[in-house]
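**Q** Sharing a structure below in structure tokens format, with a few things to ask.
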Amino acid sequence: MVGHPSRLEISAHGDSTINCNKLWLGSYPKLMATDSGIVDLEAARRASLTEALLRTGKGDRSAFEAVYRATSAKLFGVCLRIFGDRNEAEEALQDAYITIWNRAATFEAGRASPISWLVTVTRNRAIDRLRSKGKAGFTSLDEASEIEDPSPLAEAQLMAIGDDKLLYSCIDGLDRRDAHFIKSAFLGGATYADIAACDGEPLGTVKSRIRRALVKLRTCMEGAS
Amino acid sequence: MIQPTEEDIALAGEYVLGLLDVAGNAMAEARIATDAAFAKEVEAWRVRLQPMLAGDVDPPDRLWDSIEKSIPPVAIQDLGLGKLAFWRTLTGMSVSAAVILGILFLQKPGIESAPTPAKPLIAALSNENRTTSLTASYDEISGRLIVLPVSLDTGKLYPELWIIPADGKARSLGIVDKSSPTAVIIPNDMREFLVSGGTLAITPERAGGAPDGKATGPVIASGKIARL
């Protein structure tokens, strides 16, 4: 929202050479098969995280520390995917947790899962930082691709295996440019202006194209589940 | 269950991807606040896209220490739950100040079940040119100060909030968010300062806030507290 440069400024600011052909070659996390029995563990984890986050919202510092211990590896992973650079990811993570502390009172257990809320806050803060540094767009994703594969995976992530495969196979089913743009927007803060500049198409055309791709992506994911 | 329209599916996806402009964002957030089906589709997009961000990596141990130093000391509060839920409803989303205030006035009469407290204390913070502005609303019962940035740009620095009571000495209330509502729980020993006539101010400070509790940046916005 307010506080970072407008979209048009970003594309003007970014590296003067936006290389549209540089596709994001980042690796997705490696996935493994899992045993049963994780569901209960995950439900318990979620309940205790919800409790800790609600207590953080009341100003409980020890609950905040518990939130940090339970989620810092996951959220550092989020920052690394967006920044690639470890130092920048550390700063972004610190920024994210300060935001989490300040905004924990706005978390509503009934509306979102705690991890979804935490990842969203972290991702949005990281993208804001990326934009304020003039690094948003397509190119930054190449930096992100250099992160090594994280391992080992936490059990919580193993839970999401089905969803991961679904997302990637549905994204792969989209037009290549649209798929790349959706990834670039989510992980690199790319905007409609960036893609319009790259493809040399009017903004309106680009918007309709991506909006159609989003509907298609959702249909693919919902249809399969 | 009614399926969302393609229009709403695309809008929710654009919102989660961060593709909307400021006005579009405010519109989407107003929809989230008032339309449960749309809010559900937004959450569904977050869940759909989150696998792209998966991958655990342990951060260095020292990071927690610097995070802990960055947050203001706060006493644990036992807040009335109804009151808390009320504020959560209001601040669960970074709606523009206008939208939030609109909802405040529309919904407030129906929500209060506890004895109606005195009117809240509010402050409008701005600079001389009115290019920077925030609004703040303080609930004396819960000790909760809600700060809403309307137009706030501190560049690479962080906005630190100060209360300046009658004695003229600024006391830090911590770092607030640049673009979203921040709920600040005022420590017990600071509550006496949050009264009509006190001044709230913002200075840009580095991550972690001003060292030794003394502002280093210029005051970029300030305003007096008054009873609504």
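**Q** Arrange A:Cys198, A:Cys79, A:Cys220 by Cβ neighbour counts within 10 Å, fewest through most, would you?
**A** With the sparsest Cβ surroundings first, the list reads A:Cys220, A:Cys198, A:Cys79.
**Q** Using a 10 Å cut-off around each Cβ, can you sort A:Asp95, B:Asp8, B:Asp167 from fewest to most neighbouring Cβ atoms?
**A** Starting with the residue having the fewest Cβ neighbours, the order is B:Asp167, B:Asp8, A:Asp95.
**Q** Another one. Please give me, ordered by residue number, the trypsin sites (Lys or Arg not before Pro) of segment B:161-228 that lie in loop per DSSP and have at most 15 other Cβ atoms within 10 Å.
**A** Counting only loop positions with at most 15 other Cβ atoms within 10 Å, the trypsin sites (Lys or Arg not before Pro) in segment B:161-228 are B:Lys169, B:Arg206, B:Lys214.
**Q** Using alpha carbons only, how many angstrom separate the centre of segment A:73-95 from the centre of segment A:111-129?
**A** Centre-to-centre distance over Cα atoms comes out at 13 Å.
**Q** For the pairs A:Lys133/B:Lys214; B:Lys69/B:Lys156; B:Lys156/B:Lys178, flag any whose C-alpha to C-alpha distance is greater than 22 Å.
**A** Those over the limit are A:Lys133/B:Lys214.
**Q** Expressed as a whole number of Å, what is the distance separating the alpha-carbon centroids of segment A:183-225 and segment B:16-42?
**A** 17 Å
**Q** Arrange the following residues from fewest to most other Cβ atoms within 10 Å of their Cβ: B:Phe193, A:Phe181.
**A** Least to most surrounded, the residues fall as B:Phe193, A:Phe181.
Laboratory data are not the source of any read-out in this text; all were calculated from the coordinates shown. These numbers come from a predicted model, not from an experiment. For neighbour counting, all protein chains shown are included, and Cβ atoms are generated from backbone atoms with ideal geometry for every residue, glycine included.
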